[in-house]
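The values are calculated or read from the model by the stated rules, or taken from the named source; none is laboratory data. Keep in mind that this is a model prediction, so the values were computed, not measured. Cβ: placed from backbone, ideal geometry, glycine included. Neighbour counts: every protein chain shown. Just the protein is used for accessible areas: all its heavy atoms, side chains included, with ligands, DNA and RNA removed. Shrake-Rupley method; radii C 1.70, N 1.55, O 1.52, S 1.80 Å.
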Amino acid sequence: MTEQITPKTNFIKEIIDEHNRTGRFGGRVHTRFPPEPNGYLHIGHTKALVIDFGIAEEYGGLTNLRYDDTNPVKEDVEYVDAIKEDIHWLGFDWGDREYYASDYFGQLYDMAITLIKKGKAYVDELSADEMREYRGTLTEPGKESPWRNRSIEENLDLFERMRAGEFPDGSKTLRARIDMAAPNINMRDPVMYRILHATHHRTGDAWCIYPMYDFAHGQSDSIEGITHSMCSLEYENHRPLYDWFLDELEIFHPQQIEFARLNVTHTVMSKRKLRKLVEASYVDGWTDPRMPTLAAMRRRGYPPSAIRKFIDLVGVAKNDSFVEMELLEHVVRDELNAMAPRRMAVLNPLKVVIDNYPERQTEE
């Protein structure tokens, strides 16, 4: 077990303290770490991991491990197992709370039906390119889809037929019916479900429609009773959508909180780009010591306590910034100086004979 690193006072803890003061969640702190099983965890993921598990530990709360397995094309059991190994290596544990978004596919489908019946969702037939064209820009409102005003009965029929596998990939989507003129582009009728005839690593071929992250994430949080849903800053503009789904469904409403992601100089922090390095054989897999993954750092000899101390030093902020790689290496050296065993040995001894030293004399 690595040494416990307690996060410093930060704005996330201030929000939690205020919730505890007002009794919003009854004094509970329940977080979740939601990795996608489409690659290995890298140093950038570690900040979210330490925040999710560390803050819950500090408040005597719980943390769920929930895999965001909503894209079967890129997911694999290898990544599921690697993520669990990395979390345990860092000294955290989720107990018996290992979940998957796929655990809730049935419930999410029923929630989509609820929104259709409320007139808040519709089946669309725009292509991906057409959808981008209709979405508008930051300065111009979007245009409504020709299929936006279908009747509830027609939408229910089409969505059930999507579920039954009647339509090919990309031919139809289910979209939320919000506001095509919203200043926040994420609120311009976002896609909730897409058709994808692909075998899922857990559900097999039971489903051929899969929920989008924005639709699955908040509802999964609600189902699990998560109180504080922490995520990186790029999801700040998605929070109104997170709230909209929960409010329209009238279900338990967690609090989403965004923090600045970890950027390290001279380091690739995109799992998609790291995957390209692996697939093109530029490196010897995800655990190649040149990679910024936790598994690679473990192979290089980085102690897990150094990783956690590094995250603690970086702190929790609201603004993105870059951290020097030299800081991580400095923390690793300091940690190894205190804990790494050292041995000296003469591998190729040379025999030396001293023939002019006084007999029986000794020195130390």
Per the helix-only model, the chain has a calculated mean residue ellipticity at 222 nm (DSSP H runs of ≥4, -39500 (n - 2.57) each, divided over all residues, rounded to the nearest 500) of -11500 deg cm²/dmol
FRET efficiency (ARG272, GLN361; Cβ distance; R0 51 Å; to 0.05) is 0.10
Toy charge model, Lys and Arg Cβ at +1, Asp and Glu Cβ at -1: region 100-177 dipole around Cα centroid in debye, rounded to 20, equals 320
Sparse-neighbourhood loop hits (trypsin sites (Lys or Arg not before Pro), region 280-339; DSSP loop; Cβ within 10 Å at most 16 others) -> ARG290, LYS318
Once normalised by the length of region 2-108, the mean sequence separation of its alpha carbon contacts under 8 Å that are 6 or more apart gives a contact order in percent of 30
Tilt, helix 152-163 to longest principal axis of the chain (alpha-carbon atoms), in degrees rounded to tens, equals 40
Quick calc: nm separation of the 7 Å Cα→Cβ label points for ARG28 and ILE354 -> 7.6
Sites removed, the longest contiguous part of the chain containing no DSSP-loop chymotrypsin sites (Phe, Trp or Tyr not before Pro) with at most 15 other Cβ within 10 Å is 1-251
The ³J(HN,Hα) series, computed from each phi in region 317-322 with the Karplus coefficients 6.51, -1.76 and 1.60 at θ = phi - 60°, rounded to the nearest Hz and given as x for glycine or proline, is 10, 9, 10, 5, 7, 9
To the nearest 10 degrees, the tilt of helix 11-22 (Cα long axis) against the first principal axis of the alpha carbons of the chain is 60
Between ASP157 and THR199, the two model label points (7 Å from Cα along the beta-carbon direction) sit apart by a distance in nm of 3.5
Going residue by residue through region 259-276, the Karplus relation 6.51 cos²θ - 1.76 cosθ + 1.60 with θ = phi - 60° gives ³J(HN,Hα) values, rounded to whole Hz and with x marking Gly or Pro, of 9, 5, 6, 8, 10, 10, 4, 6, 9, 6, 10, 10, 4, 4, 6, 5, 4, 4
Ranking VAL77, LEU108, LEU90 by how far each Cα lies towards the positive end of the charge dipole of region 63-120 (+1 on Lys and Arg Cβ, -1 on Asp and Glu Cβ), the top one is LEU108
By the Cα gyration tensor axes a ≥ b ≥ c (a/c under 1.5 gives rounded; else a/b larger than b/c gives prolate, otherwise oblate), the shape of region 230-364 is prolate
Tilt, helix 43-58 to longest principal axis of the chain (alpha-carbon atoms), in degrees rounded to tens, equals 90
Counting Lys and Arg as +1 and Asp and Glu as -1 over every other residue whose Cβ sits under 14 Å from the Cβ of ALA198, the net charge comes to -2
Expected unfolding gain across LYS84-GLU248 under the 0.36 nm per residue rule, minus the alpha-carbon gap, is 55.6 nm
With +1 at each Lys and Arg Cβ and -1 at each Asp and Glu Cβ, the charge dipole magnitude of region 1-122 around its Cα centre, to the nearest 20 debye, comes out at 840
Output row, site ALA317, 7 Å Cα→C-beta label point, backbone N cut-off 18 Å, window region 228-263, residues 231-236, 258-263
Honestly region 138-236 on the Cα gyration tensor test (a ≥ b ≥ c root eigenvalues; a/c under 1.5 rounded, otherwise a/b vs b/c for prolate or oblate) is just oblate
Carbon/sulfur accessible area of region 38-98, % of total, 1.4 Å probe, equals 46
With DSSP loop assignment and no more than 10 other C-beta atoms within 10 Å, the GluC sites (Glu not before Pro) in region 198-272 are GLU250
Residues other than LEU274 with Cβ under 12 Å of its Cβ, Lys/Arg counted +1 and Asp/Glu -1, net out at +4
